[in-house]
1. Taking 1 over the mean of 1/r across every pair of different Cα atoms in region 166-262, what Kirkwood radius in Å do you get?
2. For LYS34, list the aspartates and glutamates whose Cα falls under 15 Å from its own Cα; do not include residues on the same chain fewer than 8 positions away.
3. So how strong a dipole does region 252-387 carry about its Cα centre when Lys and Arg Cβ are +1 and Asp and Glu Cβ are -1, to the nearest 20 debye?
4. Mind giving me the FRET efficiency for ARG369 and MET193? R0 is 60 Å, r the Cβ-Cβ distance, nearest 0.05 is fine.
5. In region 268-317, what GluC sites (Glu not before Pro) fall in a loop by DSSP, with at most 16 other Cβ atoms inside 10 Å?
6. In region 224-297, what trypsin sites (Lys or Arg not before Pro) fall in a loop by DSSP, with at most 15 other Cβ atoms inside 10 Å?
7. At 25 °C and 0.890 mPa s, grab the translational diffusion coefficient of the chain from Stokes-Einstein with a Kirkwood Rh over Cα pairs, rounded to a whole number in µm² per second.
8. Lysines near LYS88 by alpha-carbon distance under 22 Å, same-chain residues fewer than 8 away left out - which ones?
Amino acid sequence: MKVSKLYAPTLKESPSDADVLSYQMLVRAGMIRKLSSGTYSYLPLGYRVIRKIEQIVREEMDAIDSQESLLPILLPAELWKESGRWEKFGPEMFRLKDRNTREYCLGPTHEEAFTDLIKNELSSYKQLPLSIYQIQNKYRDEIRPRFGLIRGKEFIMKDAYTFDRDEASLKESYAKMWEAYDRVFERCGLKVMVAEGDSGAMGGSASHEFIAFSEVGETRLVFCPACDYASTDESAVVKLAYAIEEDAMEVEKVHTPKVTTIEDLEKFFKIEGHRFAKSLVYKVLDTIVVAMIPGNRNVNEIKLINHLGVAEHDMQLASDDDIKSVLGSIPGFVGPMLSEEVLTNDKVRLLVDSRITQIPNLIVGANERDYHLKGVQYGRDFTGEVVEDLLMVEEHDVCPTCGKPLAIDYGNEVGNIFQLGDKYSRSLHATFLDENGKENYFVMGSYGIGISRTLAAIVDQHSNDRGIVWPDSVTPYGVMVTVVNTKDAAQAELGESIYTLLKDEGIDVLLDDRKMAAGKKFADADLFGIPYRITVGRKAKEGIVEVKDRHLDEMVDVDVQDVVALIKSKLQ
């Protein structure tokens with residue numbers, strides 16, 4: 001491709017809404033453009049990278065005998081209602097009706113559709129295991145699209161599904177897919193960490209996320225430098241115990257005017273934050289839930305949601321009116337010692353993190369403005385629904401595996417794998433016959449790779465102040481031949497000759513034949529992220545060109561007779 005014909009409108013400055021590096025670089029390099037909030041067009045250079053990522057994924061899926069297919073994006077509501085996810089998936093689902101008022105959604109994921117397909121076509125254990133996948137656009141109505149391609153309303157995804165006869169076979173399929181994912185991301189040049197994840201609306205018994213490290217990642221990654229434990233903060237186990245030995249005190253009511261925050265309370269009572277119990281109040285469907293945790297910690301709302309068995313969109317912070325009318329308390333001073341009428345109300349639940357039960361002489365809200373209670377004992381003065389762990393993990397908490405301090409980093413999820421078990425096959429009545437003629441539910445796995453997310457993650461990890469530095473495996477073009485002065489016949493002819501030779505070798509090559517200043521051409525080559533640039537300049541008559549390696553950021557003079565072999569060796 002000649003750059004004079006290439007549609008790649010570059011920008012000198014980043015757009016005002018470009019909030020992360022990957023978005024800035026992709027827009028400036030003329031690879032993507034935003035159509036509306038959360039939706040993007042892929043221009044020729046960007047789409048070439050997408051296709052190369054997809055090809056790597058296809059090769060690794062094919063290598064483990066996973067077969068490519070393509071299912072509809074428009075999915076009937078009946079399947080989702082049968083699985084129980086039509087309501088549970090919540091407002092992120094794009095819903096619509098046809099002219100006959102039949103309900104559909106735009107597929108955010110395809111567990112139901114693949115289960116329905118297989119149950120109608122596969123009936124015997126002899127046909128198992130089966131692995132099948134597709135690469136397709138997905139749709140989710142994100143409440144706040146952000147970070148460019150990382151969190152959008154429309155995105156490109158590879159989703160795969162395995163069907164096995166039992167849990168042991170599922171684990172084998174899961175391990176194969178995990179290994180394939182490792183190879184995909186390695187070939188894409190991504191540094192990733194695999195972490196235990198939260199299954200969320202997907203369901204199932206286990207899940208893992210492939211997190212690409214990023215300084216501005218939206219995922220908080222918790223890991224142990226001393227062992228192989230890794231998790232997202234949503235599911236990280238907080239291993240924390242308090243060994244406090246002191247005699248029980250009598251409950252005392254203390255006037256605490258204008259003292260509402262934990263920091264203020266610490267100063268007022270001259271005692272550490274974990275000796276307080278703070279109460280966070282949520283409205284979950286039609287129930288008021290009070291969650292009690294140590295005062296110096298933060299609640300993990302995902303753990304709370306999972307314990308309650310509700311969807312994320314079913315829970316929100318309670319309003320001041322709810323706190324006053326339902327609990328009979330005061331916002332900012334809510335405590336566990338509520339009235340008997342409130343505590344016996346089946347629309348009120350008091351959840352207590354297990355660490356609260358280990359702390360004697362708690363200081364809690366008195367449910368009265370400007371007052372707290374001290375000397376409160378769990379079991380003597382109040383009881384509740386004890387939950388093992390409601391806490392958000394913090395750096396230097398101890399590893400639940402080896403007991404050493406944990407570390408925290410940031411990244412973006414680019415892949416995930418789930419052990420679904422029979423969640424979908426049971427609800428959709430998808431069965432096969434075993435060797436004894438007995439009917440069994442398929443045991444399933446679900447596996448996703450964000451193709452467009454992977455594009456953004458690569459840019460995030462492979463760029464500098466001048467532009468992108470594509471790994472050779474996914475670069476839109478492997479080499480750019482830059483003619484410094486197209487009016488110079490020797491330079492123009494040599495540039496064209498090298499361009500033709502590289503094309504004949506099957507190398508993706510750009511020829512910058514534009515009639516403009518060399519500085520602009522060099523800047524665009526760096527911005528595009530082309531890993532190797534051959535500059536045809538003033539030494540063209542001597543048969544000498546300059547080769548720049550963007551990975552090493554170095555330039556060398558090369559005899560024109562050797563340049564094709566050099567480029568081939570680098571790209572191989």
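Read-outs throughout are calculated quantities, based only on the coordinates presented, and are distinct from any laboratory measurement. Please read these numbers as outputs of a predicted model, since none were measured by experiment. As a convention, Cβ positions derive from the backbone with ideal geometry for all residues, glycine included, and neighbour counts pool all protein chains shown.
1. Values: mean 1/r = 0.0563 Å⁻¹.
Every distinct Cα pair counted, the radius reaches 17.7 Å.
2. In chain and number order, the partners are ASP17, ASP19, GLU154.
3. Numbers: 16 positive and 20 negative charges, 102 e Å.
It comes to approximately 480 debye.
4. On the way: r = 47 Å, r/R0 = 0.79.
My answer for the efficiency is 0.80.
5. Details: sites: GLU272, GLU301, GLU312; in loops: GLU272.
Qualifying residues, ordered by number: GLU272.
6. LYS258, LYS270
7. Numbers: Rh = 27.5 Å.
So the translational diffusion coefficient is about 89 µm²/s.
8. The reachable lysines, counting only those whose Cα sits under 22 Å from LYS88, are LYS97, LYS138, LYS153, LYS283, LYS303, LYS347, LYS423.
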